[in-house]
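Notes to accompany the following structure.
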Amino acid sequence: NNIMWWQGKYYIGMFDGGVRVLDAQTLALSHQSFSPLLAKNSIGDIQVGPDGRLWVGCTDGLFIIHPDEDIVHFTEQNSHIVGGIIIDITFDKEGNAWLCGSKGLSLYSATSHGIVEVRFPNGFWNNESFMRGYLGSDGTVYMRNGPQLFYVRNGITDFGEIGLPISLSDKWHRSLADDGKGHLLLSSERGILYMNDDGSGLIQMGAGEG
């Protein structure tokens with residue numbers, strides 16, 4: 001599901017196969033040695049955080065790994081993490097981590113170093129499942145579940161849904177990026193969509209999946 005370069009090796013997250021480690025010098029592929037749980041769980045996402053640690057989202061919550069320190073493992077039983085596989089880890093400009101799972105959204109606080117209990121305001125989209133996140137160049141955090149695109153900025157005070165100019169149906173197309181000039185690019189089953197960050201001014205590039 002994801003591959004990240006960390007501490008001189010590639011860490012590969014696999015569906016139903018845990019984490020594998022590839023040594024780029026020897027091309028040797030091995031099992032990770034951090035936790036037995038990471039040898040068998042389905043891995044939703046692997047990221048290197050602003051703190052330099054390896055973050056692994058999986059069917060058993062979230063692991064935060066540093067080779068010289070204890071491994072931190074957040075589960076439903078010991079934290080406020082929302083249950084289900086964590087498929088996406090997106091860091092905002094303050095270093096907080098937005099954790100998207102199969103049952104909704106959780107938030108890791110860079111200040112408290114824990115997953116906090118958030119009282120999301122009415123209308124927030126924290127119960128949406130299987131979202132992918134992206135940090136925009138202006139600090140906006142975007143989340144996409146496929147057909148819908150959401151945003152949040154300034155903590156959780158400014159949030160909403162960006163109305164897409166065309167209807168999308170495929171939930172597995174969740175990639176997006178921005179160009180730093182107020183435009184978004186979305187992959188879709190109807191080509192690459194290029195638009196203003198408010199959903200206006202659509203330019204549709206191609207007609208097939210992208």
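If the chain linking S102 and M4 were pulled fully straight, counting 0.36 nm for each residue of separation and taking away their Cα-Cα distance, it would gain 33.1 nm. In this label model, D138 and M205 are separated by 2.1 nm, measuring between points 7 Å along each Cα→Cβ vector.
Here the spin labels are modelled as points 7 Å beyond Cα on the Cα-Cβ line, and at H80 and K171 they lie 2.6 nm apart. Solvent-accessible area of H66, all protein chains in place: 50 Å² (probe radius 1.4 Å, heavy atoms, ligands and nucleic acids excluded).
For region 69-210, a simple Cβ point-charge model (Lys and Arg +1, Asp and Glu -1, everything else neutral) yields a dipole of about 260 debye relative to the Cα centre.
What a 1.4 Å probe finds exposed on region 64-144 is 43% carbon and sulfur by accessible area, rounded to a whole percent. Count neighbours as other Cβ atoms within 10 Å of each site's Cβ, and list the GluC sites (Glu not before Pro) in region 101-187 that are DSSP loop with at most 12 such neighbours. Within region 101-187, the qualifying GluC sites (Glu not before Pro) (loop, at most 12 other Cβ atoms within 10 Å) are E117.
Positive-end ranking of I87, H31, F63 along the dipole of region 2-92, with charges on Cβ about the Cα centre, is headed by H31. In terms of the Cα gyration tensor, with a ≥ b ≥ c the square roots of its eigenvalues, is region 90-177 rounded because a/c is under 1.5, prolate because a/b exceeds b/c, or oblate? Here region 90-177 falls in the prolate category.
Measuring how big region 29-116 is from its alpha-carbon positions, Rg and Dmax come out at 12.1, 36 Å. Amide H contacts of D45 (H built 1.01 Å from N, in plane; Pro and chain starts excluded): G57 sit under 5 Å, all sequence-distant by 5 or more or on other chains.
With θ taken as phi - 60° and the Karplus curve 6.51 cos²θ - 1.76 cosθ + 1.60 applied, the whole-hertz 3J(HN,Hα) list for region 181-191 is 10, x, 10, 10, 10, 10, 7, 7, 6, 10, x Hz, x standing for glycine and proline.
Here the Debye sum runs over all C-alpha atoms of region 63-210 as equal scatterers in vacuum, and log10 of I(q)/I(0) at q = 0.21 Å⁻¹ comes out as -1.33.
Computed over protein heavy atoms with a 1.4 angstrom probe, the accessible surface ordering of D178, D88, largest first, is D178, D88.
The stretch between N196 and S33, if pulled fully straight at 0.36 nm per residue, gains 54.2 nm over its current Cα-Cα span. The length gained by stretching the chain between K93 and T26 to full extension, at 0.36 nm per residue less their Cα-Cα distance, is 20.5 nm. Expressed in Å, the radius of gyration and Dmax of the Cα atoms of region 1-66 are 10.8, 32.
From the largest down, region 1-152 spans 51, 34, 29 angstrom on the principal axes of its Cα atoms. For A110, the residues whose amide H sits under 5 Å from its own are N96, A97, ignoring neighbours fewer than 5 places away on the same chain, with H placed 1.01 Å from N.
In the context of the full set of protein chains, residues of the chain present 49 Å² of accessible surface per residue (probe radius 1.4 Å, heavy atoms only). Based on DSSP loop calls and a cut-off of at most 12 other Cβ atoms within 10 Å, the longest stretch of the chain free of exposed chymotrypsin sites (Phe, Trp or Tyr not before Pro) is what? That gives 16-171 as the longest site-free run.
Phi angles across region 41-47 convert, under the Karplus curve 6.51 cos²θ - 1.76 cosθ + 1.60 with θ = phi - 60°, into 3J(HN,Hα) values of 5, 6, 9, x, 7, 10, 9 Hz, Gly and Pro given as x.
The values are calculated or read from the model by the stated rules, or taken from the named source; none is laboratory data. The shown structure was predicted, so the numbers you read here are calculated from the model rather than taken from an experiment. Because the Cβ atoms are built from the backbone with ideal geometry, glycine has one as well, and the counts that use them run over all protein chains shown. What goes into the accessible areas is simple: the full protein's heavy atoms, side chains included, and nothing from ligands, DNA or RNA. Shrake-Rupley method; radii C 1.70, N 1.55, O 1.52, S 1.80 Å.
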